[in-house]
Amino acid sequence: MRRHGKLEYGCHAAPQRTCVGCRVRTAKSELLRLVRVEDQVVPDLRGQLPGRGASLHPTVSCLELAERRRAFLRAFRVPGPLDASRVRAHLEGEPRNVM
Ligand SMILES: [Zn+2]
């Protein structure tokens, strides 16, 4: 039951979240937090919007995966369609050096 050294360090590693698109666990800081505002999914760029969030790799491919799998409906627990066009615009409009 002793927790020293490497194990201890592991317990305090950066928090991880699962990408709703590709389902890969990634450090929270590398994922884009998304929140629902009415029937829209919007990027929470400052990480300050209230409510249930979903995490996504900031790539269009993961967004498309999430849309295809209807992952946003599950993540936000709503039955109806959600509009993720603002997330797409954000991802397409701000190319960034991921690596
Ligand atoms: Zn992903």
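The values are calculated or read from the model by the stated rules, or taken from the named source; none is laboratory data. Treat the numbers as computed from the prediction; the structure is a model and nothing was measured. When we count neighbours, we look across all protein chains shown, and the Cβ atoms used for this are built from the backbone with ideal geometry, even at glycine.
Tell me yes or no: at least one residue of segment 14-34 is loosely packed, with under 11 Cβ neighbours inside 10 Å, more than 10 Å from the ligand (Cβ to nearest atom) and not small (Gly, Ala, Ser).
To start, the set of residues in segment 14-34 that are loosely packed, with under 11 Cβ neighbours inside 10 Å comprises 14-15, 29.
Cutting the leftovers down to more than 10 Å from the ligand (Cβ to nearest atom) gives us 14-15, 29.
This time we only want the ones that are not small (Gly, Ala, Ser), so: 15.
Yes: one or more hits.
List the residue pairs whose Cβ atoms are under 6 Å apart, where the first residue sits in segment 1-29 and is under 30 Å from Thr59 (Cβ atoms), the second is in a loop (DSSP other than H, G, I, E, B) and modelled with pLDDT of 55 or more, and the two are 6 or more positions apart or on different chains.
Arg17/Leu31; Cys19/His57; Ala27/Ala14; Lys28/Pro15
Select from segment 40-49 the residues that are more than 10 Å from the chain's Cα centre (by Cα) and either at pLDDT 95 or above or surrounded by 11 or more Cβ atoms within 10 Å (Cβ to Cβ) (or both) and list them in ascending order. Show your work before the answer.
The first filter runs over segment 40-49 and keeps only residues more than 10 Å from the chain's Cα centre (by Cα), leaving 40-42, 45-49.
Result: Gln40, Val41, Val42, Leu45, Gly47, Leu49.
Considering each residue of segment 50-66, count those that are over 9 Å from the mean Cα position of the chain (by Cα) and either within 15 Å of Leu82 (Cβ to Cβ) or near the ligand (Cβ under 9 Å from one of its atoms) (or both), and give that number.
Keep residues of segment 50-66 that are over 9 Å from the mean Cα position of the chain (by Cα), which gives 50-52, 59-66.
From what's left, either within 15 Å of Leu82 (Cβ to Cβ) or near the ligand (Cβ under 9 Å from one of its atoms) (or both): 51-52, 59, 61-66.
The number of residues fulfilling the criteria is 9.
Please determine whether any residue of segment 85-92 is within 12 Å of the ligand (Cβ to nearest atom) and within 18 Å of Arg25 (Cα to Cα). Please lay out each step first, then the result.
Quick first cut of segment 85-92, residues within 12 Å of the ligand (Cβ to nearest atom) only: 91.
Still in the running and within 18 Å of Arg25 (Cα to Cα): none.
No, every residue in segment 85-92 fails to be within 12 Å of the ligand (Cβ to nearest atom) and within 18 Å of Arg25 (Cα to Cα).
Do the conditions hold for Val37, that is, is it away from the ligand (no atom under 11 Å from the Cβ), without any contact (Cβ under 8 Å) to a residue 60 or more places away in the chain and buried (at least 17 other Cβ atoms within 10 Å of the Cβ)? Quick ask: steps written out before the conclusion?
Numbers: away from the ligand (no atom under 11 Å from the Cβ): yes; without any contact (Cβ under 8 Å) to a residue 60 or more places away in the chain: yes; buried (at least 17 other Cβ atoms within 10 Å of the Cβ): no.
No, not satisfied.
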